[in-house]
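So the structure is just underneath, and the comments pick up after that.
What follows draws every value from the coordinates through simple rules; no lab data is involved. A quick note: this is a predicted structure, and the numbers were derived from the prediction, not measured. All Cβ positions, glycine included, derive from the backbone under ideal geometry; neighbour counts span all protein chains shown.
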There are 2 protein chains.
Amino acid sequence: MPRNDKKMKNSQLYKGSLNTIIMKLLEENGKMYGYEITQKVKTITQGELNITEGALYPALHKLEAEGLLDVEIEKVDNRMRKYYKLTETGQKETVNRLSELEDFIRNMQSLVNPKPSLEF
Amino acid sequence: MPRNDKKMKNSQLYKGSLNTIIMKLLEENGKMYGYEITQKVKTITQGELNITEGALYPALHKLEAEGLLDVEIEKVDNRMRKYYKLTETGQKETVNRLSELEDFIRNMQSLVNPKPSLEF
DNA sequence: TATTATGTATAAGAATCTTATGTATATTTG
DNA sequence: CAAATATACATAAGATTCTTATACATAATA
């Protein structure tokens with residue numbers, strides 16, 4: 001059974017951003033399951049970012065182990081789903097992560113798009 | 001001889017962005033040496049991003065090995081400097097990397113700051 | 001004279017991700 | 001209806017990138 005995923009590989013730039021993405025999506029949507037997260041990200045980025053299972057599931061397990069996520073298992077259509085949601089700690093930490101992301105983006109833009117000192 | 005660098009550690013988000021930063025700075029400044037790059041980045045980001053030597057020098061060596069950078073050794077004040085500059089290939093690749101960075105930032109903003117469908 | 005600044009370098013280990021699998025059920029397509 | 005695709009989870013091996021800790025050396029400062 002071949003996996004015909006056309007694995008166009010993500011830019012190295014995404015390395016390190018997965019946890020923040022997961023936490024933000026959970027903050028926004030209350031609870032989500034793994035597969036749903038991959039699809040949501042694909043949709044939002046118009047196919048530009050594809051989260052692989054090999055990255056996603058270990059990340060979810062780690063966030064759970066760190067006490068940032070809670071899990072709740074459901075069975076839908078005879079298929080298992082593991083719904084994740086932010087714990088209270090997770091909610092607080094999400095604020096920090098999003099703040100870090102803003103700083104990061106701002107810094108990257110400063111580096112790449114340096115403002116001319118003055119113009120006229 | 002202790003290094004008293006107050007190593008406040010960088011956010012994981014920066015992981016994967018170092019090559020792009022180096023190439024952009026070289027595109028902008030023509031040629032730079034390693035230490036100069038660390039200082040420039042520190043200045044531009046107002047101390048928020050500190051590139052460590054352990055990350056920088058291997059990255060420079062790799063970019064050189066990939067044919068994206070050329071190196072030229074100078075001796076200033078009896079101290080060695082290795083000036084790096086983009087090769088022609090490196091210049092072309094820099095355009096791609098910057099384009100990737102723009103896409104990355106755009107995608108992260110879409111994920112984190114989803115637009116309301118319509119507002120009024 | 002001891003520390004800090006300048007300057008390069010590498011090695012060990014951590015963290016994150018890709019790639020390749022494995023298992024299982026439901027749905028769609030040829 | 002059989003095969004492929006979609007849905008849904010999981011892990012292991014290896015690659016890549018980075019942190020941390022060193023190492024060496026000279027110049028400037030406290």
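Worth a mention:
- Mean projected area in nm² (Cα convex hull; one quarter of hull surface) for segment A:15-74: 4.1
- Centre separation in Å (Cα based) which lies between segment B:9-45 and segment A:3-61: 27
- Chain A, rotation onto B, residue closest to that axis via Cβ, with its distance in Å: A:LYS15, 2
- Spin-label model distance (nm) - A:GLU36 vs B:GLN46, 7 Å beyond Cα toward Cβ: 3.9
- Cross-link pairs beyond the 30 Å C-alpha cut-off, checked among B:LYS15/B:LYS115; A:LYS62/B:LYS24; A:LYS92/A:LYS115; A:LYS31/A:LYS115; A:LYS92/B:LYS42; A:LYS24/B:LYS40: A:LYS62/B:LYS24; A:LYS92/A:LYS115; A:LYS31/A:LYS115; A:LYS24/B:LYS40
- Folded to 0 to 90 degrees: helix A:88-112 orientation relative to chain A principal axis, Cα: 40
- Peptide A:99-106, shielding by other chains (average Cβ, 10 Å cutoff): 5
- Between B:THR89 and B:GLU28, the FRET efficiency from the beta-carbon distance, with R0 = 22 Å, is close to 0.80.
- Compared with the dominant Cα axis of chain A, that is its longest principal axis, helix A:18-29 is turned about 70°.
- Three-way shape call for the protein assembly as shown based on the alpha-carbon gyration tensor, with the a/c threshold at 1.5: prolate
- Rounded to the nearest 10 degrees, the angle from helix A:53-65 to the longest Cα principal axis of chain A is 90 degrees.
- Of the residues B:ILE73, B:THR87, B:LEU98, the one whose Cα sits farthest towards the positive end of the charge dipole of segment B:17-111 is B:ILE73 (charges of +1 on Lys and Arg Cβ, -1 on Asp and Glu Cβ, taken about the Cα centre).
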